[in-house]
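The values are calculated or read from the model by the stated rules, or taken from the named source; none is laboratory data. Bear in mind the structure is a predicted one, so any value in this text is a computation, not a measurement. Cβ sites come from the backbone with ideal geometry, for glycine too, and all protein chains shown count toward neighbours.
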Amino acid sequence: MAKVARPADDSSSATRQRKSDHIRINLDEDVSFPTLTTGLETYRLPHQALPDLDLASIDTRLALFGRSLRAPLLISSMTGGTDEAESLNLRLAAAAQKHGIAMGLGSQRAALQDKSLSATFQVRSVAPDILLFANIGAVQLNYGYGIRECQRAVDMAGADALFLHLNVLQEAVQPEGDTRWSGLLPRIREVCQNLSVPVIAKEVGWGFSPQAVERLLEAGIAGIDAAGAGGTSWSQVEYYRAPTRLHAEVARAFADWGIPTAESLVNIRQSAPGLVAFASGGLRDGVDVAKCVALGAALCGFAGPFLRAAALSAEALDEAIEIIVTQLRIAMLCSGTENLAALHLINLTKDV
């Protein structure tokens with residue numbers, strides 16, 4: 001398939017600066033959705049006063065893409081491409097290894113532009129056994145990237161699968177954003193057919209409609225991360241890094257844009273019931289994880305909470321993970337579900 005040349009003003013230094021800005025803004029500013037929620041608060045797990053289970057017997061293990069995990073948790077894609085990002089990624093990966101959970105890397109575009117940045121995404125030295133996802137923006141397939149670049153990202157990280165992230169709104173409100181999205185689906189299909197590892201489509205916080213799910217399923221995608229609205233609003237992130245008032249006001253209008261996480265996950269399950277689904281976007285605790293597993297998620301991702309904890313210390317990150325896993329185990333006990341397979345089958349009630 002013919003490649004489209006990238007604009008001449010793109011540079012690895014600009015990409016590095018953008019990644020640095022994203023870390024700073026996520027740590028220092030309120031980038032949550034002003035009013036839109038995940039929708040998970042409208043769902044309830046049934047309480048079982050007599051579960052006939054012991055807490056010690058609750059089993060949160062699973063196997064996915066050839067890796068064994070001790071809990072259905074994903075450290076969602078966040079960062080890479082800077083010195084600060086390298087230390088954060090190593091800390092996050094070490095925690096993933098310790099707790100037996102999965103991890104997604106941030107966009108690897110900077111390292112594909114500048115090989116010297118590859119080390120910021122190389123975490124296998126501290127996490128040889130984790131389920132690890134490489135990451136490239138899907139729109140880059142319309143700007144000269146192809147199977148070669150996707151494979152380089154996978155090989156660079158020693159990853160088990162690739163996230164192709166879809167961030168149309170973020171690109172549209174960025175002054176330097178890539179906005180040519182037409183004709184992208186055949187390029188995604190080509191990657192799915194030829195890459196050495198499974199390809200997962202991932203939103204970054206605005207969710208998936210049924211139509212988008214159906215199109216991605218036809219393209220041969222191996223899974224979809226719902227990544228819905230209700231957590232971090234990346235239009236708010238771009239608002240804080242806008243270079244002019246014009247760009248800031250454009251971004252501000254989209255602060256509450258998107259499909260809530262719960263709705264996005266339901267869209268995946270209903271439109272592609274056999275597809276692997278992940279849930280992320282504003283998950284708060286282990287109870288939310290239990291709800292998402294019941295709604296069909298294989299993995300449940302956290303980004304902001306883990307980033308903030310990792311920025312404090314390895315101990316703070318360990319504690320954050322342990323809290324979520326403990327909450328999940330108690331939610332499973334109190335809903336009478338001994339393992340994840342049983343939790344998948346549970347019927348949630350929904351507030352009207």
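Cβ-Cβ distances below 6 Å connect the following pairs, each with a first residue in region 307-324 that is within 21 Å of S20 (Cβ to Cβ) and touching a residue at least 12 places away in the same chain (Cβ under 8 Å), a second residue that is of a type in the set (D, E, K, R) and part of a helix (DSSP H, G or I), and a separation of six or more residues or different chains: A310/R91.
Among residues that are more than 23 Å from I25 (Cα to Cα), in a strand (DSSP E or B) and touching a residue at least 40 places away in the same chain (Cβ under 8 Å), A297 is not included.
Only residues that are outside any strand (DSSP E or B) and touching a residue at least 24 places away in the same chain (Cβ under 8 Å): list them for region 160-175, please.
Of region 160-175, the ones outside any strand (DSSP E or B) are 160, 167-175.
Once the filter is applied, which keeps residues that are outside any strand (DSSP E or B) and touching a residue at least 24 places away in the same chain (Cβ under 8 Å), region 160-175 yields D160, N167, V168, L169, Q170, E171, V173, Q174, P175.
Taking every residue in region 340-352 that is touching a residue at least 60 places away in the same chain (Cβ under 8 Å) and pairing it with any residue that is of a type in the set (S, T, Y) and in a helix (DSSP H, G or I), at least 6 positions away or on another chain, the pairs with Cβ-Cβ distances below 6 Å are K350/T42; D351/T42.
Has region 243-263 got at least one residue that is closer than 20 Å to G106 by Cα and touching a helix residue (DSSP H, G or I) at 6+ places or on another chain (Cβ under 6 Å)? No: zero hits. Looking at T42, is it buried (at least 24 other Cβ atoms within 10 Å of the Cβ), closer than 19 Å to A290 by Cα, hydroxyl-bearing (S, T, Y) and modelled with pLDDT of 95 or more? It is false that T42 is buried (at least 24 other Cβ atoms within 10 Å of the Cβ), closer than 19 Å to A290 by Cα, hydroxyl-bearing (S, T, Y) and modelled with pLDDT of 95 or more. Taking every residue in region 229-248 that is part of a loop (DSSP other than H, G, I, E, B) and pairing it with any residue that is among the acidic types (D, E), at least 6 positions away or on another chain, the pairs with Cβ-Cβ distances below 8 Å are S233/D256; R241/D21.
Conditions (1) under 21 Å from W206 (Cα atoms); (2) surrounded by fewer than 24 Cβ atoms within 10 Å (Cβ to Cβ), marked per residue:
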site	(1), (2)
H247	yes, yes
R252	yes, yes
L283	yes, no
A316	no, yes
E322	no, yes
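Set side by side, the residues V289, V276, V237, V250 differ, and just one is hydrophobic (A, V, I, L, M, F, W, C) and under 18 Å from L36 (Cβ atoms), which is V237. The strands (runs of 3 or more DSSP E) located wholly in region 70-159 that include 2 or more residues which are touching a Gly at 6+ places or on another chain (Cβ under 8 Å) and buried (at least 24 other Cβ atoms within 10 Å of the Cβ) occupy 73-75, 132-137. Total residues in region 176-205 satisfying the condition of being touching a strand residue (DSSP E or B) at 6+ places or on another chain (Cβ under 8 Å) and part of a loop (DSSP other than H, G, I, E, B): the figure is 6. When A331 is tested against (1) aliphatic (A, V, I, L, M); (2) surrounded by 15 or more Cβ atoms within 10 Å (Cβ to Cβ); (3) closer than 30 Å to D83 by Cα, only condition (3) is not met.
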